[in-house]
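The values are calculated or read from the model by the stated rules, or taken from the named source; none is laboratory data. Small disclaimer: the values here were computed from a predicted structure and weren't measured. Every residue, glycine among them, receives a Cβ derived from its backbone with ideal geometry; neighbour counts consider all protein chains shown.
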Amino acid sequence: MVDGITERDSWTVDDARDLYMIDRWSGGYFDVSPDGKMTVAPLQARGRRVAIRDVLEQAMRDEGLKTPLVIRFQDILHHRVRVLNEAFAKAIAENKYRGVYRGVFPIKVNQLREVVDEILEAGRPFHYGIEVGSKPEMYAGLAVHTDNESLIVCNGYKDDAFIRAALIGRKLGKKVILIAEKLSEVRAIVRIAKEMGVEPEIGVRVRLVARGAGKWAESTGEHAKFGLSTSEILEAAAILRDGGMPQAFKLVHFHIGSQVPDILIIKRAVREAARYYAKLRRLGHPIEYIDVGGGLAIDYDGSRTPTDASMNYSVEEYARDIVANIADVCEEERVPHPHIVSESGRAIVAQHCVLVVEAFGAIERANTAQSIVPPPSDEHKLMVTLREVNARLNESNLLESWHDLLEVKEEAQKMFELGFLELDVKAALETLFWQIAARIRQETKKIDPAELPDELAALEPKFGTQQICNFSVFQSLLDHWAFGALFPIVPIHRLDERPGLLSTLVDITCDSDGKVGKFIDRTEASRDTLPLHSRNDEPYYIGVFLTGAYQDIMGDIHNLFGRVNEVHVFLDDDEECGYYLEETIEGNTIAEVLKMTQYDTHELATRVKAQVDAAIKQDRLKPTEGMRLLAEFERGLKDQTYLSW
């Protein structure tokens, strides 16, 4: 075994698929080519495969872009929209359902204009709309929304300006539905609608007893941040009636959190919400829609289990269960079938985006060099002890030998702190310590993992290598830093070679939290290291997959590392390579991120010039050299924030 990877006579790309579990999380979009490159099939079996490394090289060669680089495969957005809408259409047909599906994309999941535009274009045949949750999103939504048969659903807390903007949409003939999060919003909508002379369409968010699961469970249930209780819903209806707008009550809404892993949770919530719809409808309220919110999950780790990073259902099962359960309740209550709205975001955008980073250096956690620092002629007693431990080490005393090693290490450290241990001796002790530890680790591989003591099992991660990658976790993988979200991570080339290094990824920020130290695994738990290849003289590129939801938009400019370069890719059979780069967007420059943090770059240059002038007057710089340094400073402000070579 080499660093936890089973030795065999040969290594194939099938082994790589298995090691990185590509078949399990890829959703049919990603695979490995015979020459060891990660590929993408944006239309799955209906289109061709493209090597991600080839796209990277073209972007670098033709567009001058460098890593870190986000590659957006825009055809995946079109495919995901089609898959979701077709799943609901099929479920509606199978259940003889008498309403229609009108999905909306929650733009908070990825507000980037190119992403939203592509989703709306893909959704046009299905009248697929958008969901907005803030005033800025409301204004953007009004402008980009052009299909008046599709919905604009307005969530979140609202002030008068938010409500007025939404009612402008009503004036323009759009189906804008304002979701009331509290009773004061219902009163405000009635008041402003009368002022503007427009008929509003209003929904209420129901605070269900049913709760979500996973990281977002606390945002749901009876004590959720948003939504109305049963008595408040009835009061809201009374406010509309008293305001002369009973016909404005159009929608019942609920939300049980993001990334809901278990289909049973969704079923329970849908039935509870459907019961609210049915009872309200029987009271005479002209409700037309039931909005099941978001929550449609993505299988990040490939485990296909009801865990935070996975799901135990498919898009098709999700649609069938929603349609069937609403229909069942409506038949029991003898009320019309409502139109169904869902707010799936993660399931639409996650797969379309790949972050490519370059590993440009490595830090070994354990010194396992083969050569030992030559000891002094009069060998230290601790060196003698270590050699004795090494001599008697065997399969039967592995744990005892490890304890002996730790004792010597602790004693050596105490002696060094007291000044009784010279550097050459300390170096020799550390080297021999890790060589003996490596022997122990190798012997543990012969033991059944179930019988291996925890202390010895914990040896494996100590021999991992930290791969230094040119990116910022805080900018590009904020969810991993914030709450340990898992993303599939795979080298985008050399997959026809056996990886020999158990690794973690560290970024270039000056922060110890700037790292990726948890990776997907076949079990429900994560693993602490990822098998990667030893770097050779060629660049080594690693892909972080399924990053299209939230990561693009929630980044933090920690250390003033800004947005990364990105390239948008479309399939095209007329192109020899099968695709073309539709648009490239350069990442933030140093000047741009400085401006975000209130630094005026002209003022900065002026201040540096004053210092250069002073240095010239003091004869510390020659005028020509001073002007050259100032020009170099000003030129550097135009550089991007990440490292470049």
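Side notes on the structure shown:
- Residue match in the stretch 307-315 (condition: under 26 Å from the mean Cα position of the chain (by Cα), at pLDDT 95 or above and under 27 Å from E149 (Cα atoms)): yes
- Tallying residues that are assigned to a helix (DSSP H, G or I) and acidic (D, E) within the stretch 165-191 yields 1.
- For D299, the stated conditions do not hold, so it cannot be described as surrounded by fewer than 20 Cβ atoms within 10 Å (Cβ to Cβ), assigned by TED's automatic domain parsing to the domain that holds A93 and within 27 Å of H79 (Cα to Cα).
- Look at (1) surrounded by fewer than 19 Cβ atoms within 10 Å (Cβ to Cβ); (2) among the charged types (D, E, K, R); (3) in contact (Cβ under 8 Å) with a residue 40 or more places away in the chain and you find that E331 fails only one, number (3).
- Among the residues of the stretch 322-346, those that are more than 20 Å from C154 (Cα to Cα) and assigned to a helix (DSSP H, G or I) comprise I322, V323, A324, N325, I326, A327, D328, V329, C330, E331, E332, E333.
- Note on the stretch 337-395: among residues that are hydroxyl-bearing (S, T, Y) and at pLDDT 90 or above, the one that is farthest from E566 (Cα to Cα) is T385.
- Failed item, numbered, when L452 is tested on (1) surrounded by fewer than 21 Cβ atoms within 10 Å (Cβ to Cβ); (2) in contact with a Pro (Cβ under 8 Å, 6 or more places away or on another chain): (2)
- Within the stretch 149-158, the set of residues being surrounded by fewer than 18 Cβ atoms within 10 Å (Cβ to Cβ) and either part of a strand (DSSP E or B) or modelled with pLDDT of 95 or more (or both) comprises just one member, E149.
- Tally of residues being touching a Leu at 6+ places or on another chain (Cβ under 8 Å) and surrounded by 19 or more Cβ atoms within 10 Å (Cβ to Cβ) across the stretch 559-570: 6
- The stretch 275-294, subset among the small types (G, A, S) and farther than 15 Å from Y101 by Cα, residue surrounded by the fewest Cβ atoms within 10 Å (Cβ to Cβ): G284
- A single member of A59, A45 is at pLDDT below 95 and under 29 Å from E121 (Cβ atoms), and it is A45.
- Residue satisfying all of: in the stretch 35-70; touching a residue at least 24 places away in the same chain (Cβ under 8 Å) and on the phi > 0 side of the Ramachandran plot; surrounded by the fewest Cβ atoms within 10 Å (Cβ to Cβ) among these: Q44
- Residue within the stretch 4-20 that is in contact with a Lys or Arg (Cβ under 7 Å, 6 or more places away or on another chain), in contact (Cβ under 8 Å) with a residue 60 or more places away in the chain, at positive phi and surrounded by fewer than 20 Cβ atoms within 10 Å (Cβ to Cβ) present: no
- Scanning the stretch 348-366 for residues that are touching a helix residue (DSSP H, G or I) at 6+ places or on another chain (Cβ under 7 Å) and under 25 Å from D117 (Cβ atoms) yields a count of 7.
- Condition broken by G419, with the remaining ones in (1) under 43 Å from the mean Cα position of the chain (by Cα); (2) at positive phi; (3) not polar (S, T, N, Q) satisfied: (1)
- Considering R17, R72, R24, R53, the condition of being in contact with a Cys (Cβ under 6 Å, 6 or more places away or on another chain) and under 27 Å from S503 (Cα atoms) is satisfied by R72 alone.
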